[in-house]
Amino acid sequence: MKIRPRSYSRWRRDDDYHGPRLSLAATKCPPCQEHDNPEVAKDTIQVIELDKFPEDILHHIHSLVPLRDAARAACVSRRFLRSWKCFPNLTFNWKTLGLNMQEGTPYDRAKKIVDRIYHILKNHSGIGVKILKLQVHSCSNVITANLLGIWLETAVKSGIVELAVDLPQDQSAKYDFPCSVLSCAASSIQSLAPSACAFRPTIIIDCFRNLKSLCLKLVLITEEELGCFFSCTISLEKLEVSQCNEITFLKIPSHLQQLCILRVFLCQKLQVVEIYAPKVATFMFRGPPTKISITNPSQLKIMTMDGSFYAGMFHHALTKLHSITSNLHTLVLCSSREAFNTPASAAKFLQLT
């Protein structure tokens, strides 16, 4: 009777070879069996000594692992523990933190999320963070403005590329986004998405020369403050302004030469949108009929005017917008409680037929 060796992989910590190490190994059969059955030796996986990898390569491998697995690896290897202290992708939500959102009360679940984020950031050096996403909109009455400030000051440093802060939506006035933390990240950040907070960039901090995407959702910000922030940006490509109810007049300045996608959704007090940026190709609007002007409409190819919960969008488009739609490829109009004459309307947009 022949006994086939069972090959398997496992994590092994070894303290006898230059201190702790992490090896990915496969069990081997005894030498006599290997000689008796040449297929065994051929199929055997050799030990990979991770201790022999250069530090930068090991850190790169570790950075590709999901957050939970990266934390587990740090528990069994001092080298991965050092890498964990500068782990680059910090995306925090109930799933990445390995929590069951069906257990306990809402307060208990929120407390677990906050405690784990606090523990991770407390042990993080703050160096090397590329992505920070705080998806904690379910943590109402647990997150404080002081705690938020500590988290951002710990992780937002020069070199960060993406920052998203999704806070409890029912308490946006409670959180004042500390714009001062952006000063050290201005040169590197490419995507910024604060949500459900006050964002008051009244002082020009630095030039956000690499910022390509800005998403403001449920943010308390005035048009003057937004204009101040625009003056610091030169490379913006995508802009979304959603449910920012302090804005009455939205002006997109001409120096935003790279802006190609603009989304404006459900800003309750918004009365006027003026677009001076020359390369806007996609414009999506959701809300009641609003005065919209585009200085250079020749680049506009896709336009959506969604007034699903408001009357009068068809009439508004036919009487006010046909002059800016000469080069459109796609036009989407949504309205409510409004009569619509299709043949007469089509004559206004012949280039779409």
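Any read-out appearing in this document is the output of simple, stated calculations on the displayed coordinates, not a laboratory observation. Here the structure is a predicted model, which means the values were calculated and not measured. Glycine gets a Cβ as well: all are built from the backbone with ideal geometry, and neighbour counts include every protein chain shown.
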Worksheet item: Which condition breaks for ARG200 when tested against (1) among the charged types (D, E, K, R); (2) surrounded by fewer than 16 Cβ atoms within 10 Å (Cβ to Cβ); (3) in a loop (DSSP other than H, G, I, E, B)?
Response: (2)
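If only one of LEU259, LEU270 is outside any strand (DSSP E or B), within 26 Å of LEU333 (Cα to Cα), more than 23 Å from the chain's Cα centre (by Cα) and among the aliphatic types (A, V, I, L, M), which one is it?
Being outside any strand (DSSP E or B), within 26 Å of LEU333 (Cα to Cα), more than 23 Å from the chain's Cα centre (by Cα) and among the aliphatic types (A, V, I, L, M) holds for just one of LEU259, LEU270, which is LEU270.
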Discussion item. Being in contact with a strand residue (DSSP E or B) (Cβ under 9 Å, 6 or more places away or on another chain) and among the polar types (S, T, N, Q): is that true of THR304 here?
Written reply: yes
Discussion item. Suppose we filter LYS251, LYS217 for residues that are within 20 Å of the chain's Cα centre (by Cα), in a strand (DSSP E or B) and of a type in the set (Lys, Arg); which single one remains?
Written reply: LYS217
Item to complete: Answer with yes or no whether GLY98 is in contact (Cβ under 8 Å) with a residue 24 or more places away in the chain and assigned to a loop (DSSP other than H, G, I, E, B).
Response: yes
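Within the range 163-178, is even one residue within 23 Å of PHE87 (Cβ to Cβ) and part of a loop (DSSP other than H, G, I, E, B)?
yes
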Worksheet item: Which residues, taken from the range 288-324, are under 19 Å from GLN271 (Cβ atoms) and either buried (at least 19 other Cβ atoms within 10 Å of the Cβ) or acidic (Asp, Glu) (or both)?
Response: PRO289, THR290, ILE292, ILE294, MET305, ASP306, GLY307, MET313, HIS316, ALA317, LEU321, ILE324
Worksheet item: Residues of the range 231-282 being small (Gly, Ala, Ser) and either touching a residue at least 24 places away in the same chain (Cβ under 8 Å) or crowded, with 22+ Cβ neighbours inside 10 Å (or both), which ones?
Response: SER231, SER235, SER242, SER254, ALA277
Worksheet, complete the sentence: If we ask which residues in the range 217-237 are touching a Pro at 6+ places or on another chain (Cβ under 9 Å) and either more than 16 Å from GLN268 (Cα to Cα) or of a type in the set (Gly, Ala, Ser) (or both), their number turns out to be 8
